[in-house]
């Protein structure tokens, strides 16, 4: 196959660095990570419900990426890409036939770069897959990860904001900070506090798909296998509960932003809102996420506001999660290694570049690889070599396949053959989950 400069190889082809900005007071960076949020369920992305008024206000004052492509359809590999600027085939975090893997210590890591520049660094995460076992603690002086791999034992958005603000107020106010704050609320089961829980639901709904549906994995498996088929009313109720979670999360993000302004940090803080993956609602026959690479799971929100990203700018070309780390570092004047095909979103973006994705969790038929280039999207099943090609402009819901293009097929194969950057450590899932449950007081 013809060699392409699609992705990171271990040698530093396409290396770029940014200069350090010295010892003067530098801007703060707040990375807000929104878990399980479809871009098309935010009102600033055109959703029919007014789900995100506070995020909308930030978007109106900043930069919105209309088409941000995620690099995986579940949390661990997607969040690792956001923090590293490299795709999942390179950082190695995820799940394969040998089990769950954390991030290779050889992979670039944005928090380490800020820590090395003297920033205060803090993390507030709410799911086990982002704990120290998986390598997410690196570079954070304050590391606070709570929760396991379900929606029942997690810190909600309100307490997460409170804990972040307590940390913010406890340190040197003259020292710039880099913080990552993670909201897991939109993850199933959809159980936001009132009034958000019933904000969009119909009071006369009496079916089984309420705020406790999805607590057991077998319920979702039965739907995904086709054994159980929810009614349209069932799905409308689930979507309404999900939207309520998003609106609750948005209200707490609004509180966080207001508190920053109260502390006089609004003008000197770069704020990035980034999604890891979306959610399925029978768009392609399934529910939840981690099974496919269709747009309902890979089209994620990305909003940047603050120094250098004002004026209501909209990026219409496809961008990627792997652009985020390098863009943040460049804006802050922090040295950070970036590789093709990542781009600095403060400048122009090549609309035809080939953006990869991989990393599924629940799929029994092996791995998937996706490539988006312009309006074209390919999904390749590695195990059986089947292909689906879509025109996202004419067919954004990916319902009608078109003839695959050779160039994108080659790009998918080249991506999949890219060697990993170091060895991704194997993580004992059972041991990690048991420890987290003990920490939360659920087991002894």
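Taking every DSSP beta bridge with both residues inside the chain, roughly what % is antiparallel (nearest 5)?
55
Hey, fewest Cβ within 10 Å first, where do 432, 218, 338, 231 land in order?
Fewest to most other Cβ atoms nearby, the residues stand as 218, 231, 432, 338.
Using Cα pairs closer than 8 Å and at least 6 residues apart in sequence, work out the relative contact order for the chain, in percent.
About 29 percent, as a whole number.
Using the count of nearby Cβ atoms within 10 Å as a rough guide to exposure, how do 302, 392 rank from fewest to most?
Lowest to highest Cβ neighbour count: 392, 302.
For the ranges 44-55, 255-266, 28-39, what's the packing order if you count other beta-carbon atoms within 10 Å of each residue, average per peptide, and put the highest first?
Answer by packing, highest mean first, reads 28-39, 44-55, 255-266.
Would you mind ranking 277, 41 by Cβ crowding within 10 Å, fewest neighbours first?
Ordered from fewest to most neighbouring Cβ atoms within 10 Å, 277, 41 come out as 41, 277.
Please work out how much length the chain gains when fully extended from residue 233 to residue 391, using 0.36 nm per residue of separation minus the C-alpha to C-alpha distance, in nm with one decimal.
That pair, residue 233 and residue 391, stretches by 53.8 nm at full extension.
Every number in this text was worked out from the coordinates using simple rules, so none of it is lab data. Fair warning: this is a prediction, and the values are worked out from it, not measured in the lab. Every residue, glycine among them, receives a Cβ derived from its backbone with ideal geometry; neighbour counts consider all protein chains shown.
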